[in-house]
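The values are calculated or read from the model by the stated rules, or taken from the named source; none is laboratory data. All values reported here derive from a predicted model rather than from experimental measurement. Neighbour counts are summed over all protein chains in view; Cβ atoms, including those assigned to glycine, are modelled from backbone coordinates with ideal geometry. Note: accessible area is taken over every heavy atom of the protein model, side chains too, but ligands, DNA and RNA are not part of it. Shrake-Rupley method; radii C 1.70, N 1.55, O 1.52, S 1.80 Å.
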Amino acid sequence: MKQIKLMVTGLLLFTIIFFGMAVAVQAQTNELFTVHGQVFDTDGTTTPLDDVEVIVTNQDTEDSLSSVTSMGGWYSVNLANMVNNTNAVHIIEVSATFGGKTDSESFARGPVRDSPKRVDLTLEVEPTPTPTPEVTPTPTPTPAPPARRGGGAPREPEMNVPVDPETGAVLETTMLTVDGATLTFPKGTVVKDAGGNPLATSIFMLYAPTIAESVGAIEVYDFGPAGLTFVPAIDLVIPYDPADIPAGFAESDLVVRMWDGTAWIDFDTTVDTETHVATAKVSHFTIFGLFAAAPVAAPPTPTPVVTPSPTPEVTPTPTPSPIPRIRMAIVIVVVVAIVAVAIIVAVAFVPRMRRRKKS
């Protein structure tokens with residue numbers, strides 16, 4: 001009996017430890033942290049490059065994720081799916097190679113509030129060092145390193161939403177699309193960056209299925225630059241496949257949400273069940289997702305409490321005493337008795353009186 005108890009206790013301890021480790025791993029791998037940026041070429045034009053594979057590596061665990069640039073050299077990688085070492089400082093390396101050119105940057109991963117982290121890469125040809133001649137004692141001059149992005153003459157930024165450089169007002173209605181999702185910038189909309197300055201760079205829109213999978217969303221998109229604002233708010237339209245809606249939910253349960261750095265915030269969402277799109281008004285850039293969420297139940301209507309009216313106290317009408325009637329009956333009986341006695345007496349004595357008179 002003792003051996004059975006020991007075996008059961010050991011099994012319980014093993015189960016608790018196993019699930020504790022699983023929860024810890026899940027907490028590490030599901031922490032939302034996004035790295036994004038642009039990849040540029042430095043062949044004399046410093047233009048953004050599309051179709052370049054960007055590799056993001058955790059130097060402590062050697063685990064890596066990748067993304068391919070698009071829409072003006074933009075990429076985005078969600079580190080929630082990367083294996084971490086809880087006992088080490090996470091040094092993240094971002095690298096890209098294209099056409100014999102390469103570049104890499106490293107940073108220490110910070111807390112979730114630092115997400116999204118922007119890392120831009122400028123691809124350069126690795127210089128081939130000139131060997132020092134053995135005969136000539138004069139050392140070969142060290143070649144000057146190529147200019148990094150931001151050095152030399154400033155490049156003219158590419159703009160995919162034309163705005164007035166003084167006011168930030170959109171000059172003509174513009175629509176941007178990525179994987180079916182669309183943003184519409186009506187003419188006159190004021191677009192400014194996080195510092196309150198008119199838009200001066202290209203807008204990027206990235207489809208992020210890995211983030212959607214990690215947070216339980218149907219679709220997720222990462223728009224930037226982060227913190228960009230719009231006055232008035234603009235339309236964000238996200239398409240969906242009804243087959244992707246989880247069991248137990250309807251199309252009317254779909255809602256667009258934004259990530260504010262700590263939680264997902266709901267938007268007022270309009271769902272078109274014929275064209276299968278969800279539309280919301282957004283006033284700034286961040287990560288947006290389409291979720292299936294049960295509608296909030298309306299508070300129950302309170303049942304009015306009926307206060308019963310007090311029943312009036314009825315004063316009973318006193319029942320007349322039967323004594324007077326009894327007395328009257330007695331009187332009548334007595335009278336009748338007297339009359340009867342008188343008649344009897346009369347009947348008994350009148351003949352006698354007549355006899356006496358005759359005699």
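The accessible surface of segment 160-262, taken with every protein chain in place and a 1.4 Å probe, is 54 percent carbon and sulfur.
Per residue, how many Å² of accessible area does segment 241-298 show with a 1.4 Å probe?
Numbers: 3150 Å² over 58 residues.
Value for segment 241-298: 54 Å² per residue.
If the label point is 7 Å along Cα→Cβ of residue 284, which residues in segment 182-223 have backbone nitrogen under 11 Å from it? Those under the cut-off are 193-196.
Karplus-based coupling profile of segment 204-218, in residue order and whole Hz: 10, 9, 10, 7, 10, x, 5, 5, 4, 5, 6, 10, x, 9, 7, with θ = phi - 60° in 6.51 cos²θ - 1.76 cosθ + 1.60 and x standing for Gly or Pro.
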